[in-house]
Each structure stands twice: as structure tokens, then as C-alpha cells.
Amino acid sequence: MALALGAVLASGVAAGAADLGMILYTTPHGKKATLSQPLPGHCYTLAGSGSTANLSLVGKTAHFYAKPRCAGAPVADLGPGKRRDVRFQSLRLDAD
């Protein structure tokens, strides 16, 4: 019984994580990349240059920064389901 309950709880956690969505972006070298399950409020230092999409399933806006560590003001904001060309060094989704 305890083993079955643990399996149900674990699958619930995995299903909850799958609901966060993803950020699709193009690296500065022109390759397509994906940031899966970005946590709201967490800064991700990664570089993008080109087509970028916010596929948030939790209704969060993604903020893109020209500098690493989400320093300064965002250079672009993409709401859920939005797509555009963006050049950035870091990103953060709205906090909960």
C-alpha cells in the first residue's frame, strides 16, 4: 500500500512539473534550443539571438535581459504564447 501511494505521489509531482511549459530560443550560433520547465522567479543565464517563444503553460511572462544574471532592465518581454526575435544573455519568468 505504501509503495503504491508513493508511486501515485511521484506521478503527481511529475505531472505538476510538466505544466510549467518551456522557452524555445535560437542560440547565437543559430541552433534551436529549449529551456524546459523554467521556474518562475529564477534567473537563467543563457544566450539567445533570434527566434524566441514563451510556451508557458502557467500564464507567466518571460523577461529577457541584455546582460547575464538578469541585470538591468529587460530588453524584451514575451507573454505566454508569444514569439519574436530577441537577442539576450539571461531570462526570468514572472515570480508566483
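The values are calculated or read from the model by the stated rules, or taken from the named source; none is laboratory data. Quick caveat: nothing in here was measured; it's all calculated off a predicted structure. When we count neighbours, we look across all protein chains shown, and the Cβ atoms used for this are built from the backbone with ideal geometry, even at glycine. Accessible surface areas use protein heavy atoms only, side chains included; no ligands, DNA or RNA. Shrake-Rupley method; radii C 1.70, N 1.55, O 1.52, S 1.80 Å.
For LEU35, the test of being assigned to a strand (DSSP E or B) and either of a type in the set (Asp, Glu) or touching a residue at least 40 places away in the same chain (Cβ under 8 Å) (or both) is passed. Condition (residue is within 14 Å of the chain's Cα centre (by Cα), at pLDDT 90 or above, part of a loop (DSSP other than H, G, I, E, B) and exposed (fewer than 15 other Cβ atoms within 10 Å of the Cβ)) applied to segment 6-19: is it met by at least one residue? Checking segment 6-19: not a single residue is within 14 Å of the chain's Cα centre (by Cα), at pLDDT 90 or above, part of a loop (DSSP other than H, G, I, E, B) and exposed (fewer than 15 other Cβ atoms within 10 Å of the Cβ). Here SER56 fulfils each of the conditions (1) in contact with a Leu (Cβ under 8 Å, 6 or more places away or on another chain); (2) at negative phi; (3) at pLDDT 95 or above apart from (3). Please enumerate the residues belonging to segment 49-73 that are farther than 11 Å from ILE23 by Cα, polar (S, T, N, Q) and outside any strand (DSSP E or B). Answer for segment 49-73, where residues must be farther than 11 Å from ILE23 by Cα, polar (S, T, N, Q) and outside any strand (DSSP E or B): there is none. Going by the structure shown, is THR26 surrounded by 17 or more Cβ atoms within 10 Å (Cβ to Cβ), closer than 17 Å to SER90 by Cβ, modelled with pLDDT of 50 or more and of a type in the set (Val, Ile, Thr)? Judged against the criteria, THR26 is a match. The set of residues from segment 59-73 being loosely packed, with under 13 Cβ neighbours inside 10 Å and under 19 Å from GLN37 (Cβ atoms) comprises just one member, GLY59. Count of segment 74-91 residues, restricted to those that are outside any strand (DSSP E or B) and open to solvent by 80 Å² or more (accessible area, probe 1.4 Å), is 1.
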